[in-house]
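Inspection log for the structure reproduced underneath, given as C-alpha cells.
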Amino acid sequence: MGNNNSEKEFVKSKNSAKISNKLAAINNEIRFFIIEVLLESKKKNNFSNPLYSREINSILLSSYGINITPQMLNQHLKQLVNAGLIVEVPTKKEVPNKIGKRNVKGYVLKEDAFEDLFLKISFMSDELLSFFELYEKNHLSYSEGCCVLTVFSGRDKGKVFKIQDYQTALIRVRGNELGDSISFDIFEGEIASDIVESHLKIFFEDESWCMFDESGSDVTLIDNIPIEKGVVVKLKNHSFLKFYQEESAVILYCSF
C-alpha cells in the first residue's frame with residue numbers, strides 16, 4: 001500500500017511539473033505568439049507544412065512587429081520544445097548556406113499540447129464553454145463581404161454586430177453600476193465622417209478591414225498590442241479587440 005501511495009505521489013508530482021513547465025513556457029509574449037503562428041499553420045495545413053525558424057521569424061515581424069535575432073528565436077523554440085508544446089520535425093525544405101543548400105528542420109504544434117492544461121483548469125469548464133459558444137455564434141453570423149464582431153465581456157456579452165463593406169461602425173465604451181457596455185452605431189457611406197463626437201471606427205478600405213481610434217478611451221488593443229491613436233490600422237482576421245475607458249473595458253472578437 002505504501003509503495004502504491006508513493007507511486008501515485010510521484011506521478012502526481014511529475015504531472016504537476018509538466019504543467020508548470022508548459023505554463024512557464026507560454027508566460028512570455030514572443031513564445032505565446034509563436035504558439036499562435038503554429039496554431040494558424042496547423043489550421044491551414046493540418047501538420048503538412050512545418051515552419052522552419054526563418055519562416056516563423058518572418059511571420060513574427062510582419063504580423064506582430066516583433067524583430068528578434070535568429071539566435072533568440074531558437075532559444076524560444078527550444079523552451080517550447082522542452083515544455084512539450086511544439087515538436088521539431090524533418091522537412092524537405094532547403095535553404096542556402098555558404099557551401100550550397102541544406103535541409104532544415106521545421107516546427108509544428110504538438111497534437112496533445114494543451115490537453116493536460118485543459119484538465120488542470122477543468123473547474124473553469126462552464127466559463128470556457130461559454131466562450132466556445134461565442135466563437136460558434138460569431139461563425140454562424142458570418143456572411144460574404146462583412147465583418148462580424150461578438151462581444152466577449154461586460155453587460156453586452158453575447159451580442160453580435162455585423163458591418164457590411166460599404167458601412168462604417170462607430171464604437172464607444174461606457175461603464176456604470178450595471179457593468180461595462182458599448183454603444184454601437186452603423187452608418188453608410190460618408191455619413192460617418194460627419195459625426196463630430198469622437199469614436200472608434202471600423203470600416204473597409206483598400207481591400208482590408210481597418211480600425212481608426214480617435215476616441216477618448218484610455219487605450220485600445222488588438223490581441224493585447226496597443227494601437228496608435230489617429231492612425232488607420234489594418235485588422236487581422238480572428239483577432240480580439242479590447243477597449244478601455246477609465247475603469248471600463250470591453251472585449252470584442254472580430255472575424256471576416
Checklist outcome for this item: Residue count, the stretch 198-242, condition outside any loop (DSSP other than H, G, I, E, B) and in contact (Cβ under 8 Å) with a residue 24 or more places away in the chain, comes to 17
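Mind checking which residues of the stretch 37-55 are in a helix (DSSP H, G or I) and touching a Gly at 6+ places or on another chain (Cβ under 9 Å)?
Those that are in a helix (DSSP H, G or I) and touching a Gly at 6+ places or on another chain (Cβ under 9 Å): 53, 55.
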Next on the checklist: Kindly evaluate residue 165 against the criterion of being at pLDDT 85 or above, acidic (Asp, Glu), surrounded by fewer than 19 Cβ atoms within 10 Å (Cβ to Cβ) and touching a strand residue (DSSP E or B) at 6+ places or on another chain (Cβ under 9 Å).
Outcome noted: yes
Next on the checklist: When you scan the stretch 179-202, do you find a residue that is surrounded by fewer than 16 Cβ atoms within 10 Å (Cβ to Cβ) and either at pLDDT 75 or above or within 29 Å of residue 30 (Cα to Cα) (or both), even just one?
Outcome noted: no
Next on the checklist: Suppose we filter the stretch 205-256 for residues that are closer than 18 Å to residue 33 by Cβ and either basic (Lys, Arg) or out of contact with any helix residue (DSSP H, G or I) (no Cβ under 9 Å at 6 or more places or on another chain) (or both); how many remain?
Outcome noted: 13
Item to check | Pick from the stretch 43-84, criterion modelled with pLDDT under 85 and within 20 Å of the chain's Cα centre (by Cα), ranking: farthest from residue 112 (Cα to Cα) | outcome: 65
Item to check | Enumeration of residues in the stretch 62-71 that are without any contact (Cβ under 8 Å) to a residue 40 or more places away in the chain, in contact with a helix residue (DSSP H, G or I) (Cβ under 9 Å, 6 or more places away or on another chain) and either in a helix (DSSP H, G or I) or surrounded by 12 or more Cβ atoms within 10 Å (Cβ to Cβ) (or both) | outcome: 66, 68, 70
Checklist entry - When both residues are 6+ apart or on different chains and their Cβ atoms are under 7 Å apart, which pairs have a first residue that lies in the stretch 47-61 and is of a type in the set (Phe, Trp, Tyr), and a second that is modelled with pLDDT under 90? => result 52/91; 52/93; 52/104; 52/105
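The values are calculated or read from the model by the stated rules, or taken from the named source; none is laboratory data. Given the structure is predicted, the values throughout are model-derived calculations rather than measurements. Virtual Cβ from ideal backbone geometry, glycine too; neighbours counted across all protein chains shown.
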